[in-house]
Amino acid sequence: MKNTKHIITLIIISIVGLLINWGLFSILNTAEESRLTRFFEFGVNQRLSAIERSVETQQLTMLALQNHERSISSRSDFKAFTKPFLDRVIGIQALEWVPRIRGDEREKYVNSAREDGITDFEINVRDSARNLVPAPQKAEYYPVYFLEPLEGNEAAMGFDLSSNEERLNALNESILSGEVGTTGRITLVQGELSQSGFLTLYPVYNKPLEELSELERQEEIKGFALGVFVVQDLIEESVALFDNDRIDIYVSDITEPNQPEPLYYHNSIGTDEAFNDRYFIDSPDRRSQNHNPIYR
C-alpha cells in the first residue's frame, strides 16, 4: 500500500513537473515568437520606408522636370537640368522630353535633331521582329526627342511612344485628365527582353491646365516630361543598406486587383517561412503590393 501511494505521489510530481516545463516552454516560445514578429515588422517597415522614399523622390524629380519643360529651350539645357537628378536619384534609367509632333512638322524636328548632333535621328517604331524602323506617315507622333543619359539608351532616341498600345493609352488618359500617367510593367525599348520597367508621364500644355476643357487639352498638349524607371534597380538600390539574406521581397502591380502583375522578386537564403505580411505603395495612377516573408 505504501509502495502504491509512493508511486502515485511520484507520478503526480512528474506530471506537475511536466506541466511546469510545458508552461515555461510555451511562455518562452511565445516570447521568442513575439520577439521574431517585432523583428520582422521592424525589418519590413525599414525596407518599405526606403522604397517609399525612393518613389517619392522620383515623383518630385518628375514634377521638377514637368515645370522645367513648360519653358523648354535646348538639348544642352535639358542635359544640364537633368544631370543632378540622374546623379542622385536611384532607379532612373532615363529622363526624357517627348513633344507632340504633327505630321507636317516631322521633317523640321528631324532636321533640327540632326543639326544638334544626333546625326542618325529618325522617328521610329518597333516592327514585329523588334527591329527599329522609320515610323509610317500619320497625323501626329510622340517621339523621345531629348534624352539623358544618352549612353546606354540610344535605342530609345526617336522612338514614337504612340506606336505602342499600352503607351498610347497612358498618353491619352494623361492628356484628358491632366494628371500623371504611369504604365504597368513594360519591356524597355533600350533594354534587353528581360529588362522590365515602367514609365511615368507628366503632361505639359501650352496653356495653364485649369483654363482648358478636356477637348482643349487634346489641342493644347505640348508634350510630356517622361521618366523611365527600372523596377529591379529601384527596389535593390532602395534596400541595399539592409541585410536582405533572410527576407524575401515580392512586388506586384495590383492596380487591377483581379490581374496582379509581378514586378520584382528577391529570393532570400532562408528555407522555412516563419512570417509574412503585405504592404501597399501608391504611386501616380498605380498601386503596388509589397509582400515580405521572413525565413528562419
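Label the stretch 110-176 by shape, choosing from rounded, prolate and oblate, from the square roots a ≥ b ≥ c of the eigenvalues of the Cα gyration tensor; if a/c is under 1.5 it is rounded, and otherwise prolate applies when a/b is larger than b/c, oblate when it is not.
prolate
Using 0.36 nm times the number of residues separating residue 83 and residue 60, minus their current alpha carbon distance, what extension gain do you get?
Result: 6.8 nm gained on full extension.
FYI, it's all coordinate maths here, none of it is from the lab. All values reported here derive from a predicted model rather than from experimental measurement.
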